[in-house]
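Contents: one structure, followed by commentary.
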Amino acid sequence: MLRISEFEQNLLEACYSGEPATISATRPAEATRQNIIRADFIRFLALGGDDQNPVHKHGVQMMGAWIEEQLDLSFGKTSSLFFSNYHFNQEPIFLDTEIGGQLSLSGGTFHVDKGNALVADGIKTPINSIDLTSAKVSVLVDELDA
């Protein structure tokens, strides 16, 4: 059986009930045992969970998480996704993702090695439903040879 962290368990329960999961009201400055959540676990929930762990129509809602690994929702179909005061340690990918509600990435940061900060080509959402309020995106760019 896969072991999940305390915060992942809280997120699982919150997704079932349609409520947000809050680890902290502020964006994490560093990864700790209390604030890390695995991107694959978020993907599992974002795509609807399973028969034992269904996700409410309000989707995945979390605040104060440090998201480890790369969240790749390419070609998936999700309900709403709300991330607030978060940190992605790798850029999330939303390539041809269909989001049935709102995508909110407010008050967070992305760590991007190079290239795309947010891969969202072909993303489908209702009109005016992507929120990047106070999101901070930093990109490390390769130096070009002159």
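Readers should treat all values here as calculations from the given coordinates under stated rules, not as data from a laboratory. Quantities reported herein were computed from a predicted structural model and do not represent experimental measurements. Here the Cβ is made from the backbone with ideal geometry for all residues, glycine too, and neighbour counts use every protein chain on show.
Observations on the structure shown:
- Couplings 3J(HN,Hα) of region 63-71, computed from phi: 9, x, 9, 9, 9, 8, 6, 9, 7 Hz, in residue order, whole Hz [Karplus 6.51 cos²θ - 1.76 cosθ + 1.60, θ = phi - 60°; x for Gly and Pro].
- Each residue of region 42-49 was assigned a 3J(HN,Hα) from its phi angle through the Karplus curve 6.51 cos²θ - 1.76 cosθ + 1.60 (θ = phi - 60°); the sequence is 4, 4, 3, 6, 4, 8, x, x Hz, with glycine and proline shown as x.
- Between Glu19 and Gln70, the contour length at 0.36 nm per residue exceeds the Cα-Cα span by 16.0 nm.
- Ranked Tyr86, Tyr16, criterion: other C-beta atoms within 10 Å, fewest first: Tyr16, Tyr86
- Residue-normalised convex hull volume from the C-alpha trace of region 1-109: 92 Å³ per residue.
- Restricting region 1-101 to trypsin sites (Lys or Arg not before Pro) that sit in a DSSP loop and have at most 16 other Cβ atoms within 10 Å of their own Cβ leaves Arg3, Arg33, Lys57.
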